[in-house]
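Notes to accompany the following structure.
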Amino acid sequence: MKYIISFFSICVLLSSCNNTASVDMEKATQEANDFIASQFDFFTESSLELAKETFTEDAILIGTDAAEYLSGWAEIEPSVEAQLAIKDPVFSARKLNVVMADGGDMASYTQELDFTFNIGGEAGEVNNVRNSGVIKKIDGQWKIVQIHWSIGLEGQAVEYEIPE
């Protein structure tokens, strides 16, 4: 009898693996979009704790400065902490494109941002920031796995001809 139960248990286990639960991709996509729209809340709320909840422990942050290739929260934290000196940040996003993984728990995205702020009593503005990233749902919460900011320059870094 012992072997029959074990064999039966294995059959049940194997059949449950083949019948994976279907993912509500519409819901997952909306959750990912909502997270992307709120990913800078830690910045607007000037909260280092909220920033820590926004990034995975092993996240990668690539900024606009050549030195900003930060790997893991231990490297990201000092940068974020320093950036929280920026006051009244406002992000205006456009051209959001989200690509969801089939499992509904991971997505990549691209968007363009305009960013206004106040630092040291002076207003500042950065326009046409290209922002891309990868987010993952971990224990029911979306988090940034990788984020990249760039600002396009006029002209090509490598000269080539674009066919007409």
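The values are calculated or read from the model by the stated rules, or taken from the named source; none is laboratory data. These numbers come from a predicted model, not from an experiment. Please note: Cβ atoms are built from the backbone with ideal geometry, for glycine as well, and neighbour counts cover all protein chains shown. These area figures cover heavy atoms from the full protein model, side chains too; ligands, DNA and RNA do not enter into them. Shrake-Rupley method; radii C 1.70, N 1.55, O 1.52, S 1.80 Å.
Which value in deg cm²/dmol, rounded to the nearest 500, describes the helix-derived mean residue ellipticity at 222 nm for the chain, given -39,500 (n - 2.57) per DSSP H run of n ≥ 4 and division by the residue count? The partial results should precede the final answer.
Values: 5 runs with 53 residues, N = 164.
Calculated at 222 nm, the ellipticity per residue is -9500 deg cm²/dmol.
Quote to one decimal, in nm, the extra length available between residue 126 and residue 34 on full extension: 0.36 nm per residue of separation minus the C-alpha distance between them.
Numbers: separation 92, 0.36 × 92 = 33.12 nm, distance 2.32 nm.
Separation in residues times 0.36 nm, less the Cα-Cα distance, equals 30.8 nm.
Put a dot 7 Å past each Cα toward the Cβ at residue 81 and residue 164; how far apart are the dots in nm?
Going by the 7 Å Cα→Cβ label model, 5.7 nm.
As a test of reading the structure, rank 143, 52 by solvent-accessible area (1.4 Å probe, protein chains only), most first. Write out the running numbers ahead of the final one.
Numbers: 143 40, 52 90 Å².
These residues rank, largest area first, as 52, 143.
Using alpha carbons only, how many degrees (0 to 90, rounded to 10) separate the axis of helix 25-38 from the longest principal axis of the chain?
30
Can you tell me how much longer the chain between residue 24 and residue 156 gets when fully stretched, taken as 0.36 nm per residue apart minus their C-alpha distance, in nm with one decimal?
Values: separation 132, 0.36 × 132 = 47.52 nm, distance 4.21 nm.
Going from the current span to full extension adds 43.3 nm.
Modelling each spin label as a point 7 Å along the Cα-to-Cβ direction, I'd like the residue 49/residue 96 distance in nm, to one decimal.
About 2.7 nm, to one decimal.
Under the definition of Cα pairs under 8 Å and six or more residues apart, what whole-number percent is the relative contact order of the chain?
Across the chain, relative contact order equals 19 percent.
Please name whichever of 120, 109, 131 sits farthest to the positive end of the charge dipole of the chain, dipole taken about the Cα centre and charges placed at Cβ: Lys and Arg +1, Asp and Glu -1.
Comparing the listed Cα positions along the dipole, 109 ranks first.
Given C-alpha coordinates of the chain, what is the ratio Rg to Rh with the Kirkwood estimate of Rh? Before the final figure, lay out each step's value.
Values: Rg = 21.3 Å, Rh = 18.6 Å.
Result for the chain is an Rg/Rh of 1.15.
Return a single number: how many Lys pairs in the chain, at a sequence separation of 8 or more or on separate chains, have alpha-carbon atoms below 17 angstrom apart.
Details: 27/136; 27/137; 27/143; 52/136; 52/137; 52/143.
Total qualifying Lys-Lys pairs in the chain comes to 6.
Any idea how far apart residue 71 and residue 58 come out in nm if each label point goes 7 Å out from Cα toward Cβ?
Result: 1.1 nm between the two label points.
Only four residue types carry charge here, +1 at the Cβ of Lys and Arg and -1 at the Cβ of Asp and Glu. Report the dipole size of region 40-164 about the Cα centre in Debye, rounded to the nearest 20.
On the way: 8 positive and 23 negative charges, 64 e Å.
Approximately 300 debye in magnitude.
Arrange the residues 71, 47 by how much accessible surface each exposes, largest first, with a 1.4 angstrom probe.
On the way: 71 60, 47 30 Å².
My answer, sorted largest first, is 71, 47.
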